[in-house]
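The values are calculated or read from the model by the stated rules, or taken from the named source; none is laboratory data. This one's a predicted model, so the numbers in the text were calculated from it and none came from an experiment. Cβ coordinates were reconstructed from backbone atoms using ideal geometry, including for glycine residues, and neighbour counts include every protein chain displayed. The accessibility values were calculated without ligands, DNA or RNA, using every heavy atom of the protein model including side chains. Shrake-Rupley method; radii C 1.70, N 1.55, O 1.52, S 1.80 Å.
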Amino acid sequence: MVDDRPPSSMGRAVVRGATWATSARMLTQALQFAVGLVLARLLVPEEFGLVASVYVITGFAVMFFELGLGSALVQRASLTEKDKSTVFWVNALGGVLFAGLLALAAPLVADFYGQPELVALTPLVALAFTLSIGVVHNALLQRRLAFRAVATIEVVAAVLGHGTTLVAALLGAGAYALAYGPLVTSAAASIGSFAAVRWWPRHFISGRSLRELWRFSGGLLGFNVVNYWGRNADSLLVGRVLGAAPLGLYNRAYNLMLLPITQVTAALGRVMFSALSAMQGDHARMRSAYLRSLRVINTVTVPMLVGLAAVSDGLVPLLWGPNWTATIPVLQVLCIAGLPQCISTSVGWLYQATGRTTVMFLMGVVGTVVGVVAIVVGLQWGVVGVAVAVLVRYWLMLPVGVHVAGRAVGLRARTVLAQAAPVFFMSLVMGGVVRWGPDLLALERTSPLVVVGQVLVGGALYVALLALFARPSLSEVLAVARRKS
């Protein structure tokens, strides 16, 4: 039984939570990456594109399915049994409702994309809604910063899910293999959550609890909706206008670009949201914790993105084979688009921890409008044009988003950007050496040995630059690494 009280030693709990969360993220992403290498040779781009088309729709439905109520449970100062029971039943009944609605809408989804196979594939993917009933249990674990349990659940569920996908693909299931795995993952995660938190609802839905929770979750839901379409308008429009094969290429490039960001930011996000929520009112402490976390994120993720763009000519055919070489220019542009996301994906911690979800929603509307307009223009130049549009959107919105979010705790955008500037500059220097080094030495950049050499030289050069010009950042990352080990 895990209670919902914060730990007495917040600092140690945050470090332990971050350690377990990032470790779990790294393990699951490494597993996903390894399985993806095999799947890229078992499946064709069209099959990846089909499933990506469905997930654009079901991913949107997930936000209404959860209504942001899980985050409301984490942010709330104290909880009642009616609060928890209300969220549980809204989640459980909503899962059945959304699975049914998506099954009925399957013919419309197939007609929209012009892909008859989606009539059968959409209801299968939608079954995950009925299996995801651990929202309350996960929220209780996060409130207690019990991320060791969260990490264990996620890793076990990922192993079972990815294993199912791989076996199904080997047996010739095609695109359906990409749907079977997530179903197993959802079921395993729910079972694990119930095993970790021995809690069962004692009441039904309380109107009062729902109204109080909605004060926070309503703005969060609004943001999630507009942000979802802002982030997925590219996939939706590429699939609708350019077709399944270009979407498969674009989706693979986008997911690879996201790996460095999600490795660190997504895992730390849950820990920092829980920790910052517990620090409400102490703005100086919140600013310090936020800046330290952001410094670690930038020091690790920025050079990974720059390096990924620099070695993509040889890395893509090495990882996925010759069928995927068209993703190279898309990946290069998207990696540069990912740089501002290393910072902007963390501003949501400040909005949510301070309860300013309405402002978060309004900023999401602005970002989505800018993004959709850019993507519509970029479609004229194919998937590369769409990638450039994504790049423009995130770089334009970065200073605005940091400024508005930082005001909640008295943090200036200038401070955030100035802290990040040295790491960005050193990463670009490293990327330039890695990118054009083979040309200067008359080496074939598609050679596997050259790719390995680029990675080793780039890593060594970046660490050397940190040691010379940003020793505190290097020390902080090494300290985190020692704690993880």
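Laid out as a table, the results:
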| read-out | value |
| --- | --- |
| Residues located in segment 443-475, provided they are buried (at least 18 other Cβ atoms within 10 Å of the Cβ) and among the hydroxyl-bearing types (Ser, Thr, Tyr) | 462, 473 |
| In segment 152-167, residue least open to solvent (accessible area, probe 1.4 Å) [restricted to those that are aliphatic (A, V, I, L, M) and in contact with a Leu (Cβ under 8 Å, 6 or more places away or on another chain)] | 158 |
| Residue count, segment 380-401 (criterion: aromatic (Phe, Trp, Tyr) and open to solvent by 30 Å² or more (accessible area, probe 1.4 Å)) | 2 |
| When residues of segment 85-117 are limited to those that are under 30 Å from residue 281 (Cα atoms) and more than 26 Å from the chain's Cα centre (by Cα), the one surrounded by the most Cβ atoms within 10 Å (Cβ to Cβ) | 86 |
| Matching residues, segment 1-56, being outside any helix (DSSP H, G or I) and at pLDDT 70 or above | 43, 44 |
| Flag for residue 127 being surrounded by fewer than 23 Cβ atoms within 10 Å (Cβ to Cβ) and not basic (Lys, Arg) | yes |
| Test set (1) part of a helix (DSSP H, G or I); (2) touching a residue at least 60 places away in the same chain (Cβ under 8 Å); (3) more than 20 Å from residue 241 (Cβ to Cβ); (4) not β-branched (Val, Ile, Thr) - residue 355 fails condition number | (1) |
| Given (1) at pLDDT below 90; (2) touching an Asp or Glu at 6+ places or on another chain (Cβ under 7 Å); (3) assigned to a helix (DSSP H, G or I), index of the condition residue 450 fails | (1) |
| Residue within segment 310-326 that is hydroxyl-bearing (Ser, Thr, Tyr) and open to solvent by 10 Å² or more (accessible area, probe 1.4 Å) present | yes |
| Conditions (1) open to solvent by 20 Å² or more (accessible area, probe 1.4 Å); (2) small (Gly, Ala, Ser); (3) closer than 24 Å to residue 354 by Cα; number of the one not met by residue 245 | (3) |
| One residue from 366, 404, 359, 377 being of a type outside the set (D, E, K, R), surrounded by 19 or more Cβ atoms within 10 Å (Cβ to Cβ) and farther than 19 Å from residue 261 by Cβ | 404 |
| Hey, residue 79 open to solvent by 20 Å² or more (accessible area, probe 1.4 Å), outside any helix (DSSP H, G or I) and modelled with pLDDT of 80 or more or not | yes |
| Index of the failed condition, residue 371 passing every other in (1) within 16 Å of the chain's Cα centre (by Cα); (2) open to solvent by less than 10 Å² (accessible area, probe 1.4 Å) | (1) |
| Cross-chain or 6+ apart pairs with Cβ under 7 Å, segment 159-174 first and touching a residue at least 60 places away in the same chain (Cβ under 8 Å) and closer than 18 Å to residue 45 by Cβ, then part of a helix (DSSP H, G or I) and open to solvent by 80 Å² or more (accessible area, probe 1.4 Å) | 165/180 |
| For residue 322: the one exception among (1) over 18 Å from residue 251 (Cβ atoms); (2) in contact (Cβ under 8 Å) with a residue 24 or more places away in the chain | (2) |
| Residue list for segment 287-325, filter: small (Gly, Ala, Ser) and at pLDDT 90 or above | 307, 309, 310, 312, 314 |
| Boolean, residue 290 is under 14 Å from residue 336 (Cα atoms), in contact with a helix residue (DSSP H, G or I) (Cβ under 7 Å, 6 or more places away or on another chain) and among the aromatic types (Phe, Trp, Tyr) | no |
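This table checks each residue for (1) without any contact (Cβ under 8 Å) to a residue 40 or more places away in the chain; (2) touching a Gly at 6+ places or on another chain (Cβ under 9 Å).
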| site | (1), (2) |
| --- | --- |
| 69 | no, no |
| 75 | no, yes |
| 79 | no, no |
| 91 | no, yes |
| 95 | yes, no |
| 108 | yes, no |
